[in-house]
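Accompanying notes for the structure given below.
The values are calculated or read from the model by the stated rules, or taken from the named source; none is laboratory data. From a predicted model like this one, the values you see are computed outputs, not experimental measurements. No Cβ is skipped: glycine too gets one built from the backbone with ideal geometry, and neighbour counts run over all protein chains shown.
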Amino acid sequence: MLKEAKAHVTRVRALDQLHRGDEIEARLSVGPSYDDVVIRRGRVQETAPGIGVVWIMDHHTGSRKAINTDECSVWRIA
């Protein structure tokens with residue numbers, strides 16, 4: 001029987017660590033006793049580290065979405 005490989009997830013602290021095509025999640029903290037909630041998941045299209053924004057192609061909607069790092073945390077999926 002084959003086991004499903006678990007994705008390795010690491011927090012991205014600086015947007016200059018990201019490259020076009022990287023798979024990421026944007027997570028929103030909902031409270032001190034809860035885990036972060038994934039609000040977006042997709043592939044990096046473009047980054048603007050100076051203003052704290054990364055654009056992804058969202059897997060759920062299939063459209064381009066902007067993620068503001070002042071509002072949520074960014075995690076790389078490998």
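At a glance:
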item	result
Which listed residue, of Gly42, Gly31, Gly52, is at pLDDT below 95 and within 16 Å of Cys72 (Cβ to Cβ)	Gly31
In region 44-70, residue surrounded by the most Cβ atoms within 10 Å (Cβ to Cβ) [restricted to those that are in contact with an Asp or Glu (Cβ under 9 Å, 6 or more places away or on another chain) and of a type in the set (D, E, K, R)]	Lys65
Residue satisfying all of: in region 61-78; in contact (Cβ under 8 Å) with a residue 24 or more places away in the chain and in a strand (DSSP E or B); farthest from the chain's Cα centre (by Cα) among these	Lys65
Flag if Glu46 is in contact (Cβ under 8 Å) with a residue 24 or more places away in the chain, assigned to a loop (DSSP other than H, G, I, E, B) and not hydroxyl-bearing (Ser, Thr, Tyr)	no
Candidate set: region 1-43, residues that are hydroxyl-bearing (Ser, Thr, Tyr) and assigned to a loop (DSSP other than H, G, I, E, B); chosen: the one surrounded by the most Cβ atoms within 10 Å (Cβ to Cβ)	Ser29
